[in-house]
1. Could we say that K89 is open to solvent by 60 Å² or more (accessible area, probe 1.4 Å), in a strand (DSSP E or B) and basic (K, R) here?
2. Which one of the conditions (1) without any contact (Cβ under 8 Å) to a residue 60 or more places away in the chain; (2) surrounded by fewer than 10 Cβ atoms within 10 Å (Cβ to Cβ); (3) not in a helix (DSSP H, G or I) does R100 fail to meet, given that it meets all the rest?
3. Any residue at all in segment 45-65 that's of a type in the set (K, R) and either in a loop (DSSP other than H, G, I, E, B) or open to solvent by less than 70 Å² (accessible area, probe 1.4 Å) (or both)?
4. In segment 66-86, how many residues are loosely packed, with under 15 Cβ neighbours inside 10 Å and among the aromatic types (F, W, Y)?
Amino acid sequence: MFGSLGGAFRPTFAAFGGRAWRISWRLSKTRKANVRKRLRDVDSVIDTLAASGVECKQLELAKAIPREHEMLPRDKYTTFSRTASKHRKSVHKVPHFTKRPIPRTTPTGF
């Protein structure tokens, strides 16, 4: 009776952790555009703070990171992961990736 339910209540394969059908395996054009927009918004905030004359250590560190147009697509849309094959994981597989900062640099060698 309950095994025939579809939609949000359908059962998923347990080996996938129950999340196999909810997360798409690639980023869509719209989601990539939103990632680029968030990166550009962060760049504009850093520029505004630098232009206002504020000086602090975190602002100097933020100015040292690469800007959105200087980043490789691999660094925009994937992030470093110790457990993933080839040590890269698509950014939309990271929980709450729209709320957390996307790391713009990776460990050397990866």
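1. Working: open to solvent by 60 Å² or more (accessible area, probe 1.4 Å): yes; in a strand (DSSP E or B): yes; basic (K, R): yes.
Yes.
2. Every condition holds for R100 apart from (2).
3. Step one: list which residues in segment 45-65 are of a type in the set (K, R), which gives 57, 63.
If we keep only those that are either in a loop (DSSP other than H, G, I, E, B) or open to solvent by less than 70 Å² (accessible area, probe 1.4 Å) (or both) too, we end up with none.
So far as segment 45-65 goes, no, none of its residues is of a type in the set (K, R) and either in a loop (DSSP other than H, G, I, E, B) or open to solvent by less than 70 Å² (accessible area, probe 1.4 Å) (or both).
4. So the first thing to find is which residues in segment 66-86 are loosely packed, with under 15 Cβ neighbours inside 10 Å, and the list is 66-67, 69-70, 72-74, 80, 82-86.
After this cut, where a residue has to be among the aromatic types (F, W, Y) as well, the list is 80.
Count: 1.
The values are calculated or read from the model by the stated rules, or taken from the named source; none is laboratory data. The model shown is predicted, which means the values in this text are computed figures rather than measured ones. Reconstructed Cβ throughout: ideal geometry from the backbone, glycine too, with neighbour counts over all protein chains shown. These area figures cover heavy atoms from the full protein model, side chains too; ligands, DNA and RNA do not enter into them. Shrake-Rupley method; radii C 1.70, N 1.55, O 1.52, S 1.80 Å.
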